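To start, the structure itself, in structure tokens.
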Amino acid sequence: MGNRFQVLDRFADGAQYIGGEIRPGGSGKVQPIVDPASGDTVHRYTTAGPAEVDAAVAAARAALPDWAGATPAERSDALRRLAAVLAERAGDFARVESLQCGKPIKLCNEFDVPGTVDNAAFFAGAARHLQGQSAGEYSGDHTSYVRREPIGVIGSIAPWNYPLQMAGWKILPAIAAGNTVVLKPAEITPLTSVMFAQAATDAGLPPGVVNVVSGTGRDAGEHLVRHPDVAMVSFTGSTAVGKRVGALATDSVKRLHLELGGKAPFVVFDDADPEAAIQGAVAGALINSGQDCTAATRVYVQRPLYRRILEGIADTMAGVRLGDPFDPATDLGPLVSQAHRDRVAGFVERARSHATVVTGGKAPCEQGAYYLPTLIADAAQHSEIVQAEIFGPVLVILPFDTDDEGIALANDTPYGLAASAWTRDVFRANRATREIAAGCVWINDHIPIISEMPHGGYRASGFGKDMSMYSFEEYTQVKHVMFDNTAVARKDWHRTVFGDR
Ligand code: NAD
């Protein structure tokens, strides 16, 4: 046990990364890093206060002219080198991510870290590939063209569920487009974000292009969102906090990108492959212990398959191996904290009065923030357990009769981040992709993401896209440039303002 925490020694000088250097925080408040598998405090750091946020924004602002003025090829080269440094340090990133979040090491090794390396490689390519409308003589008398310019200093705020991937999703498209960034990770999981910023420096990115302020939402987050030198706020987190951040950002007329909560439906039509649906539901619900904004949370099964799918999911959940996150055989680690485990358990306890806990529904042990994979049946569509984002290994299963009903139930929460439909009928599949209101609809799978394709919500799940060229473009602003081609003083259109002279 002793050795695994040695990786934390690198944060002895602090968990702030400002202007190319690790620094201590100045808030005077000490934040523990707790190993969720044991409940032990394994590290402590002083959080960022307004002074660190000001310093980070100043560093980002100072770095902006040169970085925005670098050629696309120069930025692309830097991102390519960053991808290489991230890949070289993959083992370190995986260990620290697992330690601070309690994630199974196999998930870190096979998903979190390679996903981030691939994102860096993708945005290295994207940096040289900004596209737009072609220049042209649209008015006849002018040449018009569009410039896509960086926005400025981006203030980014990220959650604790995928700290490294969220750092990548926020930072990479922004810097590829010539912006500079101040990222505030969640205060309980800041370490891989600091390592990411260090990797950027080691890859040759100029100091100040990537900065990290590790602190609380109230002390550091709000100051960042309000900061007059921050031109855009990019937030990933819960819908409740997103509303607050949105209000603060709008108050100072900042650009806004909000990636918020989800409650993804998983709709199984009666012609689906039942085994595929069972496997997919368990994997989709339990990835990252269900602490995933796109996790399958509501399984709707057309009546003829209902019992079979319910029993199959319960059996498969019972075979999932909970254990030490560092054991490569562990499927499911603890939740991120005891407090979050208690919150998840609270949802299940409140559901007991009106629903059936088919399997799970409790913590398997006293130690650590573990919670058993849980399947709940017989809940009413409008009950809390079906409507609210639980963010744990808890799946609700409900039957439906007609296709219309299945789709209507899928759309019946305020969220719209992701969804899946399970069928072998191409017309049903096509209908589901059209009619389910979500930023992503999978057919016969649930969870996979790729760098080339956008990730982002509809409705209460927010707006703005991460990954893909869509996100790259969101970190640019569009300028119309118009040249007069006539060289005459008296333009034809002046007639509309004053008469002939
Ligand atoms: P959260 O909303 O509590 O916190 C997110 C971040 O906001 C943290 O860094 C937090 O410190 C900061 N914050 C809190 N209060 C703030 C304030 N007043 N001003 C500024 N910043 C503030 O979310 P969480 O519990 O860390 O993460 C889980 C949530 O994130 C879930 O709702 C999940 O669905 C969502 N999420 C969404 C996506 C997506 O892509 N849509 C991805 C991952 C997670």
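The values are calculated or read from the model by the stated rules, or taken from the named source; none is laboratory data. What you see is a predicted model, and the numbers here were worked out from it, not measured in a lab. In this analysis, Cβ positions are derived from the backbone assuming ideal geometry, glycine residues included, and neighbour counts consider all displayed protein chains. Side chains are part of the model used for accessible areas, which takes the heavy atoms of the whole protein and leaves out ligands, DNA and RNA. Shrake-Rupley method; radii C 1.70, N 1.55, O 1.52, S 1.80 Å.
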*Restricting the range 367-419 to residues that are among the polar types (S, T, N, Q) and more than 16 Å from the ligand (Cβ to nearest atom), the residue that is most open to solvent (accessible area, probe 1.4 Å)*: GLN367
_Return the pair list, or none, for Cβ contacts closer than 8 Å from residues in the range 176-187 that are farther than 14 Å from GLY208 by Cα to residues that are within 12 Å of the ligand (Cβ to nearest atom) and in a strand (DSSP E or B), at least 6 apart or on different chains._
LYS184/GLY155; LYS184/SER156; LYS184/ILE157; LYS184/VAL212; PRO185/VAL212; GLU187/GLN31
*asked:* I'd like to verify a number: residues in the range 84-100 that are surrounded by 22 or more Cβ atoms within 10 Å (Cβ to Cβ) and small (Gly, Ala, Ser), how many?
replied: 2
*Please verify whether the range 447-465 includes one or more residues that are of a type outside the set (A, V, I, L, M), away from the ligand (no atom under 16 Å from the Cβ) and crowded, with 23+ Cβ neighbours inside 10 Å.*
no
*Give GLN165, GLN133 a once-over and let me know the one that is out of contact with any Leu (no Cβ under 9 Å at 6 or more places or on another chain), assigned to a helix (DSSP H, G or I) and not basic (Lys, Arg).*
GLN165
*In this structure, is LYS106 among the basic types (Lys, Arg) and either more than 16 Å from the ligand (Cβ to nearest atom) or without any contact (Cβ under 8 Å) to a residue 24 or more places away in the chain (or both)?*
yes
*Does any residue in the range 475-490 that is of a type in the set (Lys, Arg) come within less than 6 Å, Cβ to Cβ, of a residue that is open to solvent by less than 90 Å² (accessible area, probe 1.4 Å) and part of a strand (DSSP E or B) six or more places away or on a different chain, and which pairs are these?*
LYS479/GLU149
_So THR423, is it open to solvent by less than 60 Å² (accessible area, probe 1.4 Å), over 21 Å from GLY284 (Cα atoms) and of a type in the set (Ser, Thr, Tyr)_ = no
_Just to be sure I understand the filter: pairs with C-beta atoms under 6 Å, separated by 6 or more residues or on different chains, first member in the range 372-401 and under 20 Å from LEU305 (Cα atoms) and small (Gly, Ala, Ser), second member more than 16 Å from the ligand (Cβ to nearest atom) and in a loop (DSSP other than H, G, I, E, B). Which pairs pass?_
ALA379/ALA355
*Among (1) part of a helix (DSSP H, G or I); (2) open to solvent by less than 20 Å² (accessible area, probe 1.4 Å) - the single one LYS103 does not satisfy*: (1)
*Being in a strand (DSSP E or B) and open to solvent by 20 Å² or more (accessible area, probe 1.4 Å) is the filter; apply it to the range 217-261 and report the residue that is farthest from the ligand (Cβ to nearest atom).*
ARG255
*Are there any pairs with C-beta distances below 6 angstrom linking a residue in the range 404-422 that is of a type in the set (Ser, Thr, Tyr) to a residue that is part of a strand (DSSP E or B), with the two at least 6 apart or on different chains, and if so which?*
SER420/PHE266; SER420/TRP442
*Within the range 158-210, how many residues turn out to be more than 16 Å from the ligand (Cβ to nearest atom) and within 29 Å of PRO104 (Cα to Cα)?*
8
*Return yes or no: is LEU191 within 19 Å of GLU74 (Cβ to Cβ), of a type outside the set (Gly, Ala, Ser) and buried (at least 20 other Cβ atoms within 10 Å of the Cβ)?*
no
*Considering each of ALA120, ALA87, ALA60 in turn, give the residue that is of a type in the set (Gly, Ala, Ser), over 17 Å from PHE472 (Cα atoms) and free of Cβ contacts under 8 Å to residues at least 60 places away in the same chain.*
ALA87
*asked:* of a type outside the set (Ser, Thr, Tyr), over 22 Å from the mean Cα position of the chain (by Cα) and in the same structural domain as SER214 (by TED's automatic domain parsing): which single residue out of ARG4, ARG95, ARG75 fits that description?
replied: ARG75
*Working carefully through the options VAL42, VAL34, VAL30, VAL7, find the one that is open to solvent by 20 Å² or more (accessible area, probe 1.4 Å) and free of Cβ contacts under 8 Å to residues at least 24 places away in the same chain.*
VAL30
*Within the range 45-79, which residues are farther than 26 Å from ALA176 by Cα and open to solvent by less than 40 Å² (accessible area, probe 1.4 Å)?*
TYR45, THR47, ALA48, GLY49
*Test GLU275 against the criterion of being closer than 26 Å to LYS106 by Cβ, of a type outside the set (Ser, Thr, Tyr) and within 12 Å of the ligand (Cβ to nearest atom), and give yes or no.*
no
*Counting only residues that are touching an Asp or Glu at 6+ places or on another chain (Cβ under 8 Å) and of a type in the set (D, E, K, R), which one in the range 262-288 is least open to solvent (accessible area, probe 1.4 Å)?*
LYS263
_Every residue from the range 278-292 that is more than 13 Å from the ligand (Cβ to nearest atom) and closer than 20 Å to ARG341 by Cα_ = VAL282, ALA283, GLY284, ALA285, LEU286
*Of all residues in the range 262-272 being in a loop (DSSP other than H, G, I, E, B) and small (Gly, Ala, Ser), which is nearest to the ligand (Cβ to nearest atom)?*
GLY262
